[in-house]
């Protein structure tokens with residue numbers, strides 16, 4: 001993996017839509033904004049972002065929930081990634 | 001329960017629309033934004049959020065009132081949850 | 001009463017539209033946003049809200065003027081209440 | 001007068017449109033936002049408003065110029081008043 | 001002159017559209033927002049405005065350039081004035 | 001030149017569209033916002049602007065790149081100028 | 001290269017759409033905002049930008065990912081460049 005996100009950004013690899021994960025989470029398909037499950041593959045250094053100190057709470061390998069429309073998609077060696085700010089990550093999933 | 005909300009977010013489980021709770025609260029169906037009653041099932045760690053210290057005031061098990069359109073919905077093991085910021089929770093209900 | 005507003009929110013019970021109060025105040029029906037008279041029934045704890053210290057100036061029992069479209073309505077035991085931030089309350093009425 | 005404006009708000013009593021005041025001021029009727037002349041009838045306490053110290057510069061009895069669309073109208077004992085923030089008052093008129 | 005602008009506002013008297021001033025300045029009539037030349041007739045006290053110290057740089061008698069749509073117009077004894085914030089004044093003209 | 005820009009504003013004289021400068025720069029004509037090359041003819045004093053210290057980095061005579069739609073146009077003695085904030089200037093051109 | 005970006009801006013030279021780089025990255029063509037790979041050709045000095053200290057993290061020669069619609073395009077000696085703020089750069093690419 002050779003994308004180094006800047007500042008408080010993270011790079012995540014989204015899982016398939018409607019996929020059932022090991023922990024049994026299935027994402028809702030509602031009329032509202034659809035969240036998605038993803039795995040963190042790169043984490044920016046944090047530091048001072050827009051004049052405020054940001055500490056990175058996420059680590060490579062974390063499973064996270066994000067809103068489907070958050071961030072920007074990139075394709076790397078045939079795989080789709082999304083780059084977004086840590087503050088746009090809703091939650092970590094454990095277990 | 002294995003969703004760990006980040007920062008000042010909480011995870012809530014909404015009750016049925018129009019449900020009468022033990023404390024006798026029935027939610028209004030008006031032309032305005034409809035609020036809903038919910039139970040807190042997970043609470044983020046708080047801390048510095050957008051450069052400001054946020055202390056979490058909510059605990060797992062709290063009954064809360066939220067605006068229907070606040071937050072993002074996720075489905076976990078067949079149950080719908082909503083992830084939102086503590087500041088989007090209107091009130092606690094006791095009794 | 002068992003709604004506990006969070007942060008700098010207050011719960012108010014609106015009076016009937018066009019009602020004449022003891023102090024003789026009648027609300028205008030103009031093409032502009034219609035304000036309303038209400039009684040405060042619960043007051044949040046104040047404290048640090050969005051990084052700023054907020055001191056609650058309102059008490060339970062205060063009569064207040066609010067804009068009709070401020071806040072969120074809830075129905076409790078058959079009575080309509082509105083939850084709004086103290087900063088959205090325009091004025092207290094005395095006498 | 002028994003309206004007590006909160007924070008940095010003032011209550012003003014607008015004069016008739018097109019009225020000629022003692023100081024000879026007549027308000028323009030242009031295609032742009034129409035300002036109005038008014039008298040201050042109540043002044044809030046000022047203090048910390050949205051995290052910033054606000055000192056009240058207006059006194060009861062001051063004649064002021066406001067934009068017609070600023071603030072919220074209320075009717076008290078048959079007279080129309082407007083509640084607005086001091087920062088929405090454009091100027092004082094003297095003489 | 002008896003208008004006392006509040007805070008960081010100034011009162012200006014606009015000159016005729018397309019007027020050629022002593023210094024030979026003629027205002028452009030373009031498809032974009034049209035600026036105008038004006039004379040300062042009253043200056044507010046400055047001080048703390050929206051939590052920030054503002055020092056008044058303009059004096060009565062200064063010739064200034066403003067955007068045509070800045071500020072609010074008032075008519076005083078048959079003359080049109082505009083009240084706007086000092087920060088909306090683009091430039092002084094000298095000579 | 002007798003325009004004295006206020007605060008952090010600069011006055012620039014735009015060059016002809018599509019002009020080839022000494023340094024060989026030709027501006028793109030794309031569907032996106034068109035930038036333009038210009039010469040700085042007056043520089044404001046800087047200082048505290050909107051509560052923040054601004055140091056002027058531009059000098060009279062600097063060649064700069066600006067977005068075509070930035071700032072406000074004025075005509076002075078038959079020449080068109082643009083008044084804009086230093087922070088709206090994209091880059092200096094040297095050589 | 002003779003463009004000197006101001007403040008926290010960088011000048012980048014975008015690569016061809018759909019180009020396969022040495023590191024094998026191919027950009028996605030989705031319905032969402034299309035990111036692009038680019039090379040940094042000039043870096044501003046950083047410093048205090050909008051009242052906040054900004055440290056430049058990018059160097060000339062860095063390969064970066066940006067959103068296609070970020071920044072402003074300029075043409076210099078027949079080559080297209082984009083000027084944007086460092087905070088609009090999503091990530092560096094290494095290897």
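Counting neighbouring beta carbons within 10 Å and listing from fewest to most, the residues C:4, C:13 come out as C:13, C:4. Take every pair of alpha-carbon atoms less than 8 Å apart whose residues are at least six positions apart; their mean separation over the length of segment D:46-92 yields a relative contact order of 35 percent.
Of F:67, F:87, how do they rank once you tally other Cβ atoms within 10 Å and put the fewest first?
Numbers: F:67 18, F:87 14.
Ascending number of Cβ neighbours within 10 Å: F:87, F:67.
Residue-level result for chain D: its Cβ closest to the axis carrying D onto G, with that distance in Å, is D:51, 8.
Values in this text are rule-based calculations from the coordinates and carry no lab data. Note that the structure is a prediction, hence the values are computed from the model and not measured. Here the Cβ is made from the backbone with ideal geometry for all residues, glycine too, and neighbour counts use every protein chain on show.
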